[in-house]
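Working notes, beginning with the structure itself.
The values are calculated or read from the model by the stated rules, or taken from the named source; none is laboratory data. Owing to the predicted nature of the structure, the values given are computational and were not obtained by experimental measurement. Note: ideal-geometry Cβ built from the backbone for every residue, glycine included; neighbour counts use all protein chains shown. Only protein heavy atoms, including side chains, enter the accessible area calculation; ligands, DNA and RNA are left aside. Shrake-Rupley method; radii C 1.70, N 1.55, O 1.52, S 1.80 Å.
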Amino acid sequence: MPVNFNVIDIQHIDAAWLQQKEILLDVLRLDKMHEIVSGNKWFKLKYYLRQAKANNKTTIATFGGAWSNHIIATAFAAKEAGLKSVGIIRGEKPAILSETLQLALTYGMELLYVTREQYRHKEALIRTFTNEDWFWVNEGGIGSLGVKGASEILTLTDRSRYTHIIAAVGTGTMLAGLILSSTKSQQIIGINSMKGNTALEEQVLKLLPANAQNNFTIFHNYHFGGYGKHPPQLIDFINNTYNQHQLPLDIVYTSKTFFAIKDLAEKTFFKPASKILMIHSGGLQGNKSLPPQVLAF
Ligand SMILES: *Cc1c(COP(=O)(O)O)cnc(C)c1O
């Protein structure tokens, strides 16, 4: 299935908790771009792939865990671009590969497993690979080319309609791209999917040009226990949201973001007449890490 940039799907959400506060919520369904490589990773990779080709590299090399959206997106995007790919995977090779890793293999990615200790020291690890024709992409696609790609997300929409743009935050690369492509009067809100990463604001600022506007806020209290943690309360929330709105959310990022929007709305964070655009950044493939039947979709 090809990646489809043309079907831009904006889902309007109808709910009492929005009506009561007189606010509007639309969701930009980047998850619908592709079944596997949905969402922001594709945007973040776009200019790295171009750079690799411009530099005559043959192979994209990058990092990730067993359920990484970035690994699967890189494997697919490199293949589409006619490049080889190598995934440096955190931890011992498991007896049974995750669906993410199995699929990465079918997209032609070569998987190399390193210990968690080695994984922590990526610069040293990179130096052990002396392959001149490899182009290294940071874990999660963090970096200015990633920001450039992510800045194209909002161009898909009638973005001037919205007072608030809200998205999940991992490395902050997507948020930086959204800030770059927003107007001064818009509020860009990031929901941190990690616990205790308080350096995130600084990280986002570092990814932006020095003269960029500073119209963003990051909330740090919607991590549900930490990165990748998905307690029963979150699973129930995902299932309820799906049943009410037919909106599938992922357990790592977008569910926490949608939850945050509802919570902030109920706490009257948004003024009446606010128009919110949530970026559904994809990541649904990671839900396959759950046992079957846990989710309603
Ligand atoms: C990686 C990812 C994010 C986080 O993006 P960053 O640019 O790293 O902040 C958000 N949502 C989904 C679904 C992702 O896969």
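Multiply the residue separation of T115 and T58 by 0.36 nm, subtract the distance between their alpha-carbon atoms, and state the gained length in nm to one decimal.
Gain in length upon complete extension: 17.9 nm.
What is the distance in Å between the Cα centroid of region 128-149 and that of region 96-124?
For region 128-149 versus region 96-124, the Cα centre distance is 15 Å.
With all protein chains present and a 1.4 Å probe, how do I126, I72 order by accessible area, largest first?
Correct descending sequence by accessible area is I126, I72.
Return the loop-located GluC sites (Glu not before Pro) in region 89-167 (DSSP other than H, G, I, E, B) with at most 11 other Cβ atoms within 10 Å of their own Cβ; answer none if there are none.
E92, E132
Residue by residue through region 136-142, which ³J(HN,Hα) values in whole Hz follow from phi under the Karplus form 6.51 cos²θ - 1.76 cosθ + 1.60 (θ = phi - 60°), with glycine and proline marked x?
8, 10, 4, 3, x, x, 5
If exposed means no more than 10 neighbouring beta carbons inside 10 Å and the site is in a DSSP loop, what's the longest run of the chain without any exposed trypsin sites (Lys or Arg not before Pro)?
Of all site-free stretches, the longest is 1-183.
Give the Cα extents of region 212-297 along the principal axes, in whole Å, largest first.
Projected onto the principal axes, the Cα atoms of region 212-297 cover 42, 28, 20 Å.
For K84, list the lysines whose Cα falls under 30 Å from its own Cα; do not include residues on the same chain fewer than 8 positions away.
K32, K41, K44, K46, K53, K57, K93, K122, K148, K288
Among residues other than W17 whose Cβ falls under 12 Å from its Cβ, what is the net charge (Lys/Arg +1, Asp/Glu -1)?
Local net charge: -1.
If you split all Cα-Cα distances of region 17-83 into 10 Å bins from zero, what percentages do you get per bin, shortest first?
Per 10 Å bin, starting at 0, the Cα pair percentages come out as 18, 41, 20, 11, 8, 1.
Send over the semi-axes of region 94-246's equivalent ellipsoid, whole angstrom and largest first, taken as the square roots of 5 times the C-alpha gyration tensor eigenvalues.
Values for region 94-246, descending: 30, 24, 17 Å.
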